[in-house]
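S.K.: My questions all concern the structure below.
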Amino acid sequence: MAGTNDQVWQFMISYQQQHGMPPTMDEIRGSVPGLGYRSSAQYALRGLVEQGKVVEAADPGSSRRHRAIEDPEPETIQPRPERDMPALLAVPALFPLGG
């Protein structure tokens with residue numbers, strides 16, 4: 001999905017330069033190959049937000065709430081974090097087994 005994320009980011013930069021505002025989810029989906037479903041575009045945008053290449057406006061109802069950052073600072077671009085998995089810990093038994 002990294003290639004798709006890059007295509008989405010590049011499309012958003014180009015669109016913002018031409019129109020002065022970010023594209024809608026449907027405009028992204030219709031312009032980037034491989035994003036046949038709205039959920040695919042949402043997934044790509046979520047990844048770009050986590051990487052620091054896209055910021056999300058506070059208004060969740062806005063159709064143009066995702067804005068691409070043209071020159072993200074290298075130190076702000078973070079790899080996608082691993083999902084937190086519960087750690088397995090060895091806990092000593094209070095009572096011996098079989099005894």
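S.K.: Let me know the charge dipole size of the stretch 2-76 about its Cα centre in debye, to the nearest 20, where only the beta-carbon of Lys, Arg (+1) and Asp, Glu (-1) is charged. Kindly include the intermediate steps, with their values, before the conclusion.
M.R.: Numbers: 7 positive and 10 negative charges, 70 e Å.
Result for the stretch 2-76 is approximately 340 debye, rounded to the nearest 20.
S.K.: Kindly put Ser40, Ser14 in sequence by how many other C-beta atoms sit within 10 Å of each C-beta, fewest to most.
M.R.: By the 10 Å Cβ count, ascending: Ser14, Ser40.
S.K.: I've got another one for you. Which order do Asp71, Asp59 fall in if you start with the one that has the fewest other Cβ atoms within 10 Å? Please list the in-between numbers first.
M.R.: Details: Asp71 6, Asp59 9.
Lowest count first: Asp71, Asp59.
S.K.: Between Ile69 and residues 5 or more places away or on another chain, which pairs have amide H atoms under 5 Å apart, with H built 1.01 Å from N, and which residues are they?
M.R.: Correct list: Val54, Val55.
S.K.: Rounded if a/c is under 1.5, else prolate if a/b beats b/c, else oblate: with a ≥ b ≥ c from the C-alpha gyration tensor eigenvalues square-rooted, which is the stretch 2-76?
M.R.: Since a/c stays below 1.5, the shape of the stretch 2-76 is classed as rounded.
Throughout, read-outs are computed from the coordinates displayed, never taken from laboratory work. In this text, all values refer to a predicted model and were calculated from it rather than measured experimentally. Heads up, the Cβs are rebuilt from the backbone with ideal geometry, glycines too, and the neighbour counts pull from every protein chain shown.
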